[in-house]
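The values are calculated or read from the model by the stated rules, or taken from the named source; none is laboratory data. Please read these numbers as outputs of a predicted model, since none were measured by experiment. Cβ sites come from the backbone with ideal geometry, for glycine too, and all protein chains shown count toward neighbours. Quick note on the areas: whole protein, heavy atoms, side chains included, nothing else; ligands and nucleic acids left out. Shrake-Rupley method; radii C 1.70, N 1.55, O 1.52, S 1.80 Å.
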Amino acid sequence: MLLFLSVPQPRPPGARTRAGAARVARWRRRRQRLRLQQLRRLRGLLRGLRGRPGADSRRRGRMALCQAAGAASLPSELIVHIFSFLPAPDRLRASASCSHWRECLFYPALWPQLRICLRVSPAEQPRLEFLMRKCGWFVRELRVEFAAENYLSGGGGPGDGGGADSGTGREEVEGLQLSTRWLEVLRTYLELVLCVLVSIRNNRNLQKFSLFGDISVLQQQGSLSNTYLSKADPDGKKIKQIQQLFEEILSNSRQLKWLSCGFMLEIVTPSSLSSLSNSIANTMEHLSLLDNNIPGNSTLITAVELERFVNLRSLALDFCDFTAEMARVLTDSNHVPLQRLSLLVHNVSVMHKSLDNMPNDDHWKALSRKSTSLRVYIMAFDIKSEDMLKILKPSIPLERIHFDSYITCVSGAIVDLISRQYDKFLTHFILMNDVIDTSGFPDLSDNRNEDPLVLLAWRCTKLSLLAIHGYTVWAHNLIAIARLRGSDLKVLEVTEESIDFDQGELADQDVDPVHNLIEQVSLGLGQPWHAVMDIESLSVFTEPNRHFYREMQRFSEDI
């Protein structure tokens, strides 16, 4: 018996693979089309949502968006990608839509950096706690500024007594109320600092950490009274807890490259940096430690401690803490060349600390030889001319200098010295004098034919920013400055009350002196120019410590 068996013909090699690949490709294309359709619909609804006024209508719009577009069913990766294009405030608003969005919007990839500026107010605490609870454990760059509200107008500061010498019962009551409000602000300040530090104590991804406390309105004559601080924190428990948390953050860090802490009420102690491991200290690139409340006989960092920071490229310190021994350490062969050095010369530090240990001209020459790209930024606050003559060594590669004062004025001789010694480096020159009586601003020019500001503009060929308030600037000298520097002078800010005119210019009835000044300066600069009408419109108008901190950050990040 014959059996005929039908043997199936074998498929060509790869036929099954090609068919499967085609099906997968078609499936992926369909899925991609569906996602694109959902994305277009979602974008359209978002655009409509932004145009709806009112908080209630926006909330209803978000709820309708979640229901109509099926936002809850969108893949988390797609939602994270969409909202990566939104600025941080819009992300926070979107997080109120639904729990799914909230989970996606606090994905670590969306918050690599967090920059917060807080008013020292109890209303800020719940918002800060929510944000830090969501982001504090993974954020890589954290910058927090505490700005105390100066809503206590009409009073001086802590310890003023509110007019205790006036002898009137009404002023004594007002002084007592003011003192109570100061205590509330200080307590709130400590609570907000604790909230930030607690949330990042176990963050090992932290690479940049910056803290600034604008406690100028809490200060009296530049330093906070210890007696007053003890009233806000009777047992000192909060201050100690803050110091311990700060040291714990440093000890737990594994990737920290940037550490900046300014004017934070003894948060940083002379022993804080010892919490950093040697591996982290060896890789640190920026270090900034500033606190006016540190006792006069102690410093936040010593030359011995600085030896561990061999990779340091940017440093910011109180000038009295920057000693000759530190300069020697920075010139050692095992240290990388320092590129940015920011120094704050504060009258409080100069009163309590000595200038005898500061670097001499030979140390500055050695630093400049070590790093040809080294640039220095100095801010001097209420410093006497004789002290400035000691500080301004000829070999300092000074790029930026800022004079700010309430009492002590800068002399024309200091301005002339700066223009002679630093003509190759100087790019920023700021001269601020916050006097109460604007009827008589000091005149820097002893000789009307040789104004030091005009000579500064002539000698310093790299000058790009010049800001003046509280010093007399003659109109014809201002025109000369504009013509000398031309379009290279990017910023020329002079307040209106600082400008004065010669009697001959005022006597000429055919020419308006103000209009002529604006026209001539604009022509010299090659761009429209006008005097600053309001001092608060000055780009450099802010509390001196805050300006130094922000300018130091930009100056250091420039490398």
Exercise for the section: State which residue is nearest to the chain's Cα centre (by Cα) when the search covers only segment 305-341 and only residues that are in contact (Cβ under 8 Å) with a residue 60 or more places away in the chain and not in a loop (DSSP other than H, G, I, E, B). Expected result: A316
Problem - Output for segment 396-421, where each listed residue is touching a Ser or Thr at 6+ places or on another chain (Cβ under 9 Å) and among the acidic types (D, E) - result: E399
Problem - Identity of the residue in segment 275-296, modelled with pLDDT of 90 or more and out of contact with any Leu (no Cβ under 9 Å at 6 or more places or on another chain), that ends up nearest to R550 (Cα to Cα) - result: N282
Exercise for the section: Considering every residue within segment 46-55, establish whether at least one is assigned to a helix (DSSP H, G or I), under 30 Å from K208 (Cβ atoms) and either at pLDDT 70 or above or not acidic (D, E) (or both). Expected result: no
Practice task
Collect the residues in segment 225-274 that are under 24 Å from L315 (Cα atoms), part of a loop (DSSP other than H, G, I, E, B) and among the acidic types (D, E), keeping them in residue-number order.
Solution key: E266
Exercise for the section: Hand me the list of helices (runs of 4 or more DSSP H) wholly inside segment 459-559 holding 3 or more residues that are at pLDDT 90 or above. Expected result: 475-485, 513-525, 544-557
Handout entry: Residues being under 21 Å from F212 (Cα atoms), open to solvent by less than 70 Å² (accessible area, probe 1.4 Å) and outside any loop (DSSP other than H, G, I, E, B) - total across segment 89-126
Key = 5
Exercise for the section: Out of S354, S373, report the one residue that is within 23 Å of V410 (Cα to Cα) and either touching a His at 6+ places or on another chain (Cβ under 7 Å) or in a loop (DSSP other than H, G, I, E, B) (or both). Expected result: S354
Handout entry: Long-range neighbours under 8 Å by Cβ, at least six apart or interchain, first residue on the phi < 0 side of the Ramachandran plot and open to solvent by 10 Å² or more (accessible area, probe 1.4 Å) within segment 411-427, second part of a loop (DSSP other than H, G, I, E, B) and β-branched (V, I, T)
Key = Q421/I396; D423/T461
Handout entry: Scope segment 236-290; condition aromatic (F, W, Y), within 20 Å of R140 (Cβ to Cβ) and in contact with a helix residue (DSSP H, G or I) (Cβ under 8 Å, 6 or more places away or on another chain); matching residues
Key = F246
Problem - Flag for L344 being surrounded by 21 or more Cβ atoms within 10 Å (Cβ to Cβ), of a type outside the set (G, A, S) and under 24 Å from the mean Cα position of the chain (by Cα) - result: yes
Problem - Cross-chain or 6+ apart pairs with Cβ under 7 Å, segment 251-269 first and under 22 Å from R204 (Cβ atoms), then among the polar types (S, T, N, Q) and assigned to a loop (DSSP other than H, G, I, E, B) - result: N252/N202; Q255/N205; Q255/Q207; L256/Q207; K257/Q207; W258/Q207
Handout entry: Which listed residue, of R133, R170, is among the charged types (D, E, K, R), at pLDDT 60 or above and either assigned to a helix (DSSP H, G or I) or open to solvent by 20 Å² or more (accessible area, probe 1.4 Å) (or both)
Key = R133
Completion exercise
If we keep only residues of segment 75-88 that are over 26 Å from K208 (Cβ atoms) and either in contact with a Lys or Arg (Cβ under 6 Å, 6 or more places away or on another chain) or of a type outside the set (S, T, N, Q) (or both), then the residue least open to solvent (accessible area, probe 1.4 Å) is I79
